[in-house]
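Novice: Below is the structure I would like to discuss, written out as structure tokens.
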Amino acid sequence: MEKASIYGLTKEELIAWFIEHDERKFRATQVWEWLYIKRVMAFSEMTNLSKDVISLLEENFIINPLRQVIIQEAKDGTVKYLFELPDKNMIETVLMRQEYGMSVCVTTQVGCNIGCTFCASGLLTKQRDLTAGEIVAQIMLVQHYFDERGQDERVSHIVVMGIGEPFDNYDNLMNFLHTINDPKGLAIGARHITVSTSGLVPKIREFANNGLQVNLAISLHAPNNDVRTSIMRINRSFPIEKLMDAVDEYLEKTNRRITFEYIMLSNVNDRPEHAQQLADLLKDKKKLTFVNLIPYNPVSEHDQYSRSEKADVLKFYDVLKKNGVNCVIRKEYGTDIDAACGQLRSKQIKKASKTR
Ligand code: SAH
Ligand code: SF4
């Protein structure tokens, strides 16, 4: 059987594992430091551990489960990584340099079953969930990329917006969040982490009770059920009324702001009346909500969609602003590389199937 990545264990699980193997609890603290503070990539480099403990770890775990296949660096500093998993599936991770720090966008599943009609990831049905270790490893590899160059730069922000629906892989997502948030490890602040969901209502309710201060983003993309169902089939199971009920519960419980993502698709959801409907939808929660207007990244298989005209985006923005809705037009990253989620991977898969 394939050995699991040790990145998949939370601190508590690592402590429990050492106790189970008749070792002292502080071994877990030592290993945790080697993994997340000194960030070594081999158990043999953990020099304050005895040879026996190193062998025990080597017999049971690997550290890094990912193989780097491609790195693309854009002019604006965005870096896109294509990684191969032990079962040869491919995933993508993107690093974006922002004014406030370095933000990494992670993948949570191989493909996605939600099947939104505008998304490259949705074209590839889900092969499997990523393990918590495979999600943590994406951040570790990006951090190693800087460590190896002797650059004193730290991954400071995380967005869970790569391939997959994170709430469809909930337990592994939660383990991942606890690991990267650990103050004696990577210590990425919960307020610097954002999880994006297409709107799995029961999980939004569960997430409201998770005890972490992690931000939530919801892919809304339409202000009424007709338009939303036509582009996101998940709206059939969880229509806007149900989604908004869960949003209200989340806001009440956490008092934390929710971001609504809204891709601007020309003549589909970008008319001024759509903006007005969106403002009406949010009118009783303006203080705790935020709308992110996102330029559509064209996906060649979805040629029924095109990016909204700039004038239409500005008009939409104006209607929202006039109604007192907090909103921004999102800046794009890495447009000279395949930085939209799923694009590099789907291109690579197509290339591979052509050469087969
Ligand atoms: N499955 C989750 C998180 C991954 S998708 C979700 O849907 O929220 C992350 C974001 O990228 C979502 O808001 C999604 O709608 C958006 N997205 C997908 N395809 C896109 C495209 N071609 N152009 C721009 N944004 C896209
Ligand atoms: Fe899946 Fe999100 Fe893409 Fe929809 S937008 S298909 S939920 S990854």
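The values are calculated or read from the model by the stated rules, or taken from the named source; none is laboratory data. None of the values given here were measured: they were computed from a predicted structure. So basically every Cβ, Gly included, is an ideal-geometry build from the backbone, and we count neighbours across all protein chains shown. When the accessible area is computed, the model is the full protein with side chains, heavy atoms only, and any ligands, DNA or RNA have been set aside. Shrake-Rupley method; radii C 1.70, N 1.55, O 1.52, S 1.80 Å.
Novice: Which residue, of Gly185, Gly211, is more than 16 Å from ligand 2 (Cβ to nearest atom) and in contact with a Phe, Trp or Tyr (Cβ under 8 Å, 6 or more places away or on another chain)?
Specialist: Gly185
Novice: Oh, and also: Assuming Lys80 fulfils every condition listed in (1) basic (Lys, Arg); (2) away from ligand 1 (no atom under 16 Å from the Cβ); (3) within 17 Å of the chain's Cα centre (by Cα) apart from one, which condition is it?
Specialist: Among (1) basic (Lys, Arg); (2) away from ligand 1 (no atom under 16 Å from the Cβ); (3) within 17 Å of the chain's Cα centre (by Cα), Lys80 violates only (2).
Novice: Moving on to the next point. Among what's in the range 97-143 and is among the small types (Gly, Ala, Ser) and in contact with a strand residue (DSSP E or B) (Cβ under 8 Å, 6 or more places away or on another chain), pick the residue that is farthest from Ser156 (Cα to Cα).
Specialist: Checked the range 97-143; the qualifying residue farthest from Ser156 (Cα to Cα) is Gly133.
Novice: Could you list, in sequence order, the residues of the range 122-165 that are in contact with a Ser or Thr (Cβ under 8 Å, 6 or more places away or on another chain) and of a type in the set (Ser, Thr, Tyr)?
Specialist: Result: Thr131, Ser156.
Novice: So, one more: Inside the range 11-74, counting only helices (runs of 4 or more DSSP H) that do not spill past its ends, which hold 3 or more residues that are open to solvent by 20 Å² or more (accessible area, probe 1.4 Å) and more than 22 Å from Thr131 (Cβ to Cβ)?
Specialist: Once the helices (runs of 4 or more DSSP H) in the range 11-74 are filtered for at least 3 residues that are open to solvent by 20 Å² or more (accessible area, probe 1.4 Å) and more than 22 Å from Thr131 (Cβ to Cβ), what remains is 26-36, 51-60.
Novice: Sticking with this structure for a sec: Taking into account only those residues within the range 266-289 that are closer than 24 Å to Ser121 by Cβ and touching a strand residue (DSSP E or B) at 6+ places or on another chain (Cβ under 8 Å), which is nearest to ligand 2 (Cβ to nearest atom)?
Specialist: The extreme case among them is Asn269.
Novice: Here's something else I'd like to know. Which of the residues that make up the range 147-167 are in contact (Cβ under 8 Å) with a residue 60 or more places away in the chain, away from ligand 1 (no atom under 16 Å from the Cβ) and open to solvent by 30 Å² or more (accessible area, probe 1.4 Å)?
Specialist: Asp147
Novice: Restrict the check to the range 117-131 and report whether at least one residue is within 15 Å of ligand 1 (Cβ to nearest atom), touching a Phe, Trp or Tyr at 6+ places or on another chain (Cβ under 7 Å) and touching a residue at least 40 places away in the same chain (Cβ under 8 Å).
Specialist: Within the range 117-131, one or more residues are within 15 Å of ligand 1 (Cβ to nearest atom), touching a Phe, Trp or Tyr at 6+ places or on another chain (Cβ under 7 Å) and touching a residue at least 40 places away in the same chain (Cβ under 8 Å).
Novice: Going through the range 173-182 one residue at a time, which ones are open to solvent by 10 Å² or more (accessible area, probe 1.4 Å) and either within 16 Å of ligand 2 (Cβ to nearest atom) or closer than 17 Å to Leu216 by Cα (or both)?
Specialist: Met174, Asn175, His178, Asn181
Novice: Need the failing condition index for Ser103 against (1) free of Cβ contacts under 8 Å to residues at least 12 places away in the same chain; (2) in contact with a His (Cβ under 6 Å, 6 or more places away or on another chain), just the number.
Specialist: (1)
Novice: Give the residue that is most open to solvent (accessible area, probe 1.4 Å), with candidates limited to residues of the range 111-131 that are in a loop (DSSP other than H, G, I, E, B) and within 8 Å of ligand 2 (Cβ to nearest atom).
Specialist: Out of the qualifying residues, it is Asn113.
Novice: Something else now. Being buried (at least 18 other Cβ atoms within 10 Å of the Cβ) and touching a Phe, Trp or Tyr at 6+ places or on another chain (Cβ under 9 Å) is the filter here, so list the residues in the range 79-102 that pass it.
Specialist: Val79, Tyr81, Met90, Ile91, Glu92, Thr93, Val94, Leu95, Met96, Met102
Novice: Restricting to the range 1-10, name every residue that is in a helix (DSSP H, G or I) and either over 15 Å from Leu186 (Cβ atoms) or in contact with a Ser or Thr (Cβ under 9 Å, 6 or more places away or on another chain) (or both).
Specialist: Tyr7, Gly8
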